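J.: First the structure, which I've put down as structure tokens, then a few questions once you've had a look.
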Amino acid sequence: MNPQRTQAILLRSLLWLILALWFGSFVAFPALAVLAFRILPSTEVAGTLVSPVLMALHLYGFVAGLLVAGLGRALGRGRILWLGPLVLSAVCLYSELAVTGEMAKIRDQVFGAQGNLEAATRFNALHQFSMILFTCVALGTGVLVLLHARADALLARPPGPPLEDPRGADPSRTETARERFS
């Protein structure tokens, strides 16, 4: 087998594995969180369970974004397919260090015996912001899956004249997959 082809297969396989884990974990986590808060005896206990899982997801998202960006670049994918993951990676890191970090600092004030209303209001606002960031990353990884699938499908087209455009566009102006994603 051609070494370049073998390398491309390995890079694409790794890209798809990382993307699948990233997207799947960010889609499954909300169900786990809802279940934990519904079943466990208190929100404090549920938060104690969910918090380390969320930290692991944020850190995985940070690393996965860097890896997907590097793999996209190595595979010659367009800018959106390597800059997008870098942005999502940064969002994961920001969410963990800034948002979740601040929530951890005021957690005892909120859930302690003396429960501070001002801290609880701040905690709820941070939690809402955290959920928005998390949802954006989940949606962003879903978009990456679709864009990488499109890039793979375009590369898999048989060589030869361009396929006829059902909209009647001029086939001589049809761009190649490499041009489209550059």
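The values are calculated or read from the model by the stated rules, or taken from the named source; none is laboratory data. Because the structure is a prediction, the values reported are computed rather than measured. Cβ placement follows ideal geometry from the backbone for every residue including glycine, while neighbour counts extend to all protein chains displayed.
J.: Which residues, taken from the range 24-48, are touching a Leu at 6+ places or on another chain (Cβ under 7 Å) and either exposed (fewer than 13 other Cβ atoms within 10 Å of the Cβ) or in a helix (DSSP H, G or I) (or both)? Explain how you work it out, then say what you get.
T.: Step one: of the range 24-48, the residues touching a Leu at 6+ places or on another chain (Cβ under 7 Å) are 25-26, 29, 36, 40, 46.
Matches in the range 24-48: SER25, PHE26, PHE29, ALA36, ALA46.
J.: Answer yes or no as to whether GLY72 is within 15 Å of SER130 (Cβ to Cβ) and either at pLDDT 95 or above or surrounded by 13 or more Cβ atoms within 10 Å (Cβ to Cβ) (or both). Show your work before the answer.
T.: Values: within 15 Å of SER130 (Cβ to Cβ): no; either at pLDDT 95 or above or surrounded by 13 or more Cβ atoms within 10 Å (Cβ to Cβ) (or both): yes.
In short, no.
J.: When you scan the range 144-160, how many residues do you find that are surrounded by fewer than 14 Cβ atoms within 10 Å (Cβ to Cβ) and either modelled with pLDDT of 90 or more or at positive phi (or both)?
T.: Within the range 144-160, the first condition is being surrounded by fewer than 14 Cβ atoms within 10 Å (Cβ to Cβ), and the residues that meet it are 146, 149, 153, 156-160.
Among the residues that remain, those that are also either modelled with pLDDT of 90 or more or at positive phi (or both) are: 146, 149, 153, 160.
The qualifying residues number 4.
J.: Name the residue that is farthest from LEU155 (Cα to Cα), counting only residues in the range 70-99 that are touching a Ser or Thr at 6+ places or on another chain (Cβ under 7 Å) and not polar (S, T, N, Q). Walk me through it before giving the result.
T.: Taking the range 70-99 and keeping what is touching a Ser or Thr at 6+ places or on another chain (Cβ under 7 Å), we get 78, 88, 95, 99.
Right, trim to not polar (S, T, N, Q) and you get 78, 88, 99.
Working: GLY78: 13, LEU88: 25, VAL99: 40 Å.
Within the range 70-99, the match that is farthest from LEU155 (Cα to Cα) is VAL99.
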